[in-house]
Amino acid sequence: MPGVKTNEVPGTRAVLRHYRMSAYKARQVLDLVRGKDVDRAAEILQSTPREGARVVGKVLASAVANARNNDFLDPDELYVSACYADEGTTIKRWRPRARGRATRIRKRTCHITVIVSRLPEDRLARRRARQAEQSTAVRSRRVAASRRGAGSGDTEGTAPPARGGRRKAASSGEPSQDEITDFDVTDERESAEADTSTDVTAASENDTSNEAESATVDEADDAGDTGTEPAETEPAGADAEEKD
């Protein structure tokens, strides 16, 4: 049993008649959008750099408008169920040639027909599932981005003060962060200088004691070399008793 003829496909149609273009050129463009969704077909026609693409795009838009206004169908659920181009009237002209002869010029026309229908239920289910997945992915990305922003705000703490923060701190009588930092640096420098001076003083005292010990040792060595013994000192009271 033969199937349904192309011109008998059920759906909403739009027809452009007697357009000054050959059916061959129009069919090359119609082959690109046959069986595609309406949105996808419109995108393909917009990106096709041919005159037939512009004309077929207008016919497609007219078919979608007829389906929306006359048959009350949702444009998002439509697809190009059938599209074809028939040969129209051929306009004949003559061109003079050599030796008094003439050549026939054929100016061809065509009838462009686009039929749009509602998508089958299985294709609609797959399309709705794909749209739901895309919306869920977009929502999850937004939630993740908001959570990252909130987490970074908690770790960073409060926002930095404005430009007038120093002036406000000075007017309120409280030291600013810069002043506290300067005080800390000054205290560290003073403590480092005090430690350095203490080390220098201790080193100088050690040098002085070492010099005194070395001088004492030298004197003892000199006395041993000459054979003399150091004089013993007697108290002044003993001399007085001997004189008496």
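The values are calculated or read from the model by the stated rules, or taken from the named source; none is laboratory data. Just so we're clear, the structure is a prediction, and the values are computed from it rather than from any experiment. Cβ atoms come from the backbone with ideal geometry, glycine included; neighbour counts cover every protein chain shown.
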- Among the residues of segment 69-91, count how many are surrounded by fewer than 16 Cβ atoms within 10 Å (Cβ to Cβ) and in contact with a Ser or Thr (Cβ under 9 Å, 6 or more places away or on another chain). 7
- Task: Go through (1) loosely packed, with under 10 Cβ neighbours inside 10 Å; (2) touching a helix residue (DSSP H, G or I) at 6+ places or on another chain (Cβ under 7 Å) one by one and return the number of the condition Leu119 breaks.
- Result: (1)
- The listed residue being among the aromatic types (Phe, Trp, Tyr) and either at positive phi or touching a residue at least 60 places away in the same chain (Cβ under 8 Å) (or both), out of Tyr84, Tyr79: Tyr84
- Message: Can you confirm whether Thr103 is among the hydroxyl-bearing types (Ser, Thr, Tyr) and surrounded by fewer than 18 Cβ atoms within 10 Å (Cβ to Cβ)?
- Response: yes
- Message: Residue under question is Glu43, and the condition is that it be assigned by TED's automatic domain parsing to the domain that holds Tyr24, within 13 Å of Gly11 (Cα to Cα) and acidic (Asp, Glu); does it hold?
- Response: no
- Message: Can you pull out every residue in segment 1-18 that is at pLDDT below 90 and outside any loop (DSSP other than H, G, I, E, B)?
- Response: Thr6, Asn7, Glu8
